[in-house]
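The values are calculated or read from the model by the stated rules, or taken from the named source; none is laboratory data. Computed from a prediction, not measured in an experiment: that's the story for all the values here. With ideal geometry, Cβ positions are generated from the backbone for all residues, glycine too; neighbour counts draw on all protein chains shown.
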Amino acid sequence: MDNSERTQALRRRTKQFAGSVVRFYVGLDRRREEISILGKQLLRSGTSVGANYREASRSRSDAEFIAKIELCAQEADKTQYWLELLNEDCGISETQTQPIWDEADELIRIFVTMSQNTQTRRDSK
C-alpha cells in the first residue's frame, strides 16, 4: 500500500470513527443534563479527529503535519476522557462505550507513530 492509499484508508477510518461517535451520541438519553453535556463534548472531540486528519493530510510542511497529527491524537484522547466520564459518572455501560474507546486507542497509537516517524525523518535531513 503506497502513501496515498494509506492516507485514503485512514481518512475513511477516521470518518467511520466520527460516524460511530454520532450514532452513539444519538442513542444517549440526553434528557439527563449531565449526559447531554458530556455527550456534546464527546461529539465534538470524536468528530474532530477525522476533520483534523484531513487537515493534516493536506499539510504544507513536516512541522505543520506534526502539529495537526498531534492534534488528532489529542482529540482522540479527549474522546476517551468523555467516554470514561459517561461510564463512571453517568452509568453508561462499558459495553456501550468500549468499541469507541478501543478505536480511539488504536487511532492514538497510529497518530503518535506518524508524528514520531515524521519527526525522525525531518531531523535526519
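With respect to the conditions (1) under 30 Å from residue 117 (Cα atoms); (2) out of contact with any helix residue (DSSP H, G or I) (no Cβ under 9 Å at 6 or more places or on another chain); (3) of a type in the set (S, T, N, Q), residue 47 falls short on a single one, namely (2). Take the conditions (1) among the charged types (D, E, K, R); (2) touching a Phe, Trp or Tyr at 6+ places or on another chain (Cβ under 9 Å); (3) touching a residue at least 24 places away in the same chain (Cβ under 8 Å); residue 75 misses just one of them, which is (2). Of all residue pairs spaced 6 or more apart or on separate chains, those with beta-carbon atoms under 7 Å, a first member in the stretch 106-121 that is in contact (Cβ under 8 Å) with a residue 60 or more places away in the chain and a second member that is among the aromatic types (Phe, Trp, Tyr) are 107/17. Within the stretch 78-95, restricting attention to residues that are over 15 Å from the mean Cα position of the chain (by Cα) and in a helix (DSSP H, G or I), the residue that is surrounded by the most Cβ atoms within 10 Å (Cβ to Cβ) is 86. The set of residues from the stretch 22-67 being assigned to a loop (DSSP other than H, G, I, E, B) and closer than 17 Å to residue 97 by Cα comprises 27, 28, 29, 30.
Only one of the listed residues (60, 23) is farther than 20 Å from residue 5 by Cα and charged (D, E, K, R). That residue is 23. Can you find even one residue in the stretch 30-43 that is closer than 30 Å to residue 121 by Cβ and modelled with pLDDT of 95 or more? No. Residue 58 satisfies every condition listed in (1) at pLDDT 95 or above; (2) surrounded by fewer than 20 Cβ atoms within 10 Å (Cβ to Cβ); (3) not β-branched (Val, Ile, Thr) except (1).
Take the conditions free of Cβ contacts under 8 Å to residues at least 12 places away in the same chain, out of contact with any His (no Cβ under 9 Å at 6 or more places or on another chain) and not in a helix (DSSP H, G or I) and apply them to residue 6. Does it pass? No, not satisfied.
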